[in-house]
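Read through the structure below, which is laid out as structure tokens, and then see the notes.
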Amino acid sequence: MPAPVSQPDDPALLRIEGPIATITLNRPAAFNSINLAIAQKLEQLAATIEGDDAIRVVILEGAGRAFSAGGDLQTIGAAAEANTVTPVVGELLKHYHAFIEIIRRMPKISLSSVHGSAAGAGMGLAFVTDLCIAAEDAKFTPAYAKIGVSPDGGSTVGIVGTVGARRALQIFLTEDNFTAKQALEWGLVAKIVPATELKAATRQLAERLAQNAPAAIAGTKSLVYAAATTPVKQQLDAEEHKIIMAMNTEEFRVAVKKFTSKSK
């Protein structure tokens, strides 16, 4: 499907440059907090990207001073007062979680580029992507326990698989916030850079990732996410299937010919 043309006041923007697509959370006055409008837009944009075979890497970033402050507490608070939490939050998460599902399953690498604050569902978004690069001054705030709720927005999907159950419980229940350096030490962040260099470093990493052949990206991503819950024989069969598929592409034939000619 053709990419939708983003308008300056859209709650999320899409920019496509060659094999790299960039989604920008675009509610800077609200620190890119997630309301129904942004959730619906994110689902739409992710579906567009998933259907575009030319795209290999997806960058997620936030406009303004923060990556994302998480769920829009004004909307959610009003729903709590009106006793309409179930329909209001249910509808919001239906679209937001659909967006997360697409990001995780699409045969493309997703890369979050985090500056400022990433809190609650915004923190979840930073770590539900395949990789995360962060500014040195980025701050991650679980936020959930403070307001008496459990995690959402893909927070347990991305974090538990990376740090394990004990560290995840520590993060969600005992950490008021943590730094980009701590996130790097825990394996949640791939790289930290000075804030002034974040955009350039993100683009450089995205371009490096985009050099990988589509079959390599798709096969590696699906195998890695399946490995923890798949029986060994089934995982080995999947490895065989994916690598043979990749070896039947023109990209492989060119790459192996180049490699073998160098070794002679």
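The values are calculated or read from the model by the stated rules, or taken from the named source; none is laboratory data. A quick note: this is a predicted structure, and the numbers were derived from the prediction, not measured. We place every Cβ from the backbone using ideal geometry, glycine too, and count neighbours over all the protein chains shown. Note: areas computed on protein heavy atoms with side chains; ligands, DNA, RNA excluded. Shrake-Rupley method; radii C 1.70, N 1.55, O 1.52, S 1.80 Å.
Values as computed for the structure displayed
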| item | result |
| --- | --- |
| Rounded to the nearest 20 debye, dipole of the chain from Cβ charges on Lys, Arg, Asp, Glu | 900 debye |
| Full-extension gain in nm, residue 236 to residue 136, via 0.36 nm per residue minus C-alpha separation | 32.1 nm |
| Cα-projected label distance for residue 146 with residue 224, points at 7 Å along beta-carbon direction, nm | 3.1 nm |
| With all protein chains modelled, accessible area of residue 229 [1.4 Å, Å²] | 120 Å² |
| Percent carbon-and-sulfur accessible area, segment 214-262, ignoring ligands, DNA and RNA, probe 1.4 Å | 68 percent |
| Estimated dipole of segment 115-231 in Debye, rounded to 20 [Cβ of Lys and Arg +1, of Asp and Glu -1, Cα centre] | 140 debye |
| Per residue value of the accessible surface for segment 164-264 (all protein chains in place, 1.4 Å probe), Å² | 69 Å² |
| Viscosity 1.306 mPa s, temperature 10 °C, Stokes-Einstein D of segment 214-262 from Kirkwood C-alpha radius, µm²/s | 135 µm²/s |
| Solvent-accessible area, 1.4 Å probe, carbon plus sulfur percent, for segment 107-183 | 53 percent |
| Neighbour cut-off at most 10 other Cβ (10 Å), DSSP loop, trypsin sites (Lys or Arg not before Pro), segment 122-216 | none |
| Set 94/191; 233/257; 41/199; 41/108 screened for pairs whose C-alpha atoms are more than 27 Å apart | 94/191; 233/257 |
| Sparse-neighbourhood loop sites, trypsin sites (Lys or Arg not before Pro) in segment 1-100 - DSSP loop, at most 13 other Cβ within 10 angstrom | 65 |
| Table column - 3J(HN,Hα) (Hz), segment 240-249, Karplus curve with 6.51, -1.76, 1.60, x for Gly and Pro | 4, 4, 5, 6, 5, 4, 5, 6, 8, 9 |
| Candidate values (i) 7, 28, 35, 21, 7, 2, 0, 0; (ii) 7, 32, 38, 20, 3, 0; (iii) 7, 27, 31, 22, 10, 3, 1, 0, label of the one derived for P(r) over Cα pairs in 10 Å bins from 0, in percent | (i) |
| Segment 162-264, dipole about Cα centre (Lys/Arg Cβ +1, Asp/Glu Cβ -1), debye to the nearest 20 | 440 debye |
| DSSP bridge orientation in the chain - percent antiparallel, rounded to nearest 5 | 25 percent |
| Potential lengthening between residue 207 and residue 105 on full extension [0.36 nm per residue; Cα-Cα distance subtracted] | 34.6 nm |
| Long-range amide H partners of residue 33 with built H, under 5 Å | 69 |
| Computed [θ] at 222 nm, helices only, for the chain once each DSSP H run of length n ≥ 4 contributes -39500 (n - 2.57) | -16000 deg cm²/dmol |
| Accessible area expressed per residue, segment 11-105, with surrounding protein chains retained (probe 1.4 Å, Å²) | 43 Å² |
| Cut-off 13 Å, label 7 Å out along Cα→Cβ of residue 177, residues of segment 49-79 by amide N | 66-70 |
| Charge dipole of segment 1-78 about the Cα centre (unit charges at C-beta), most positive-ward option of 44, 28, 54 | 28 |
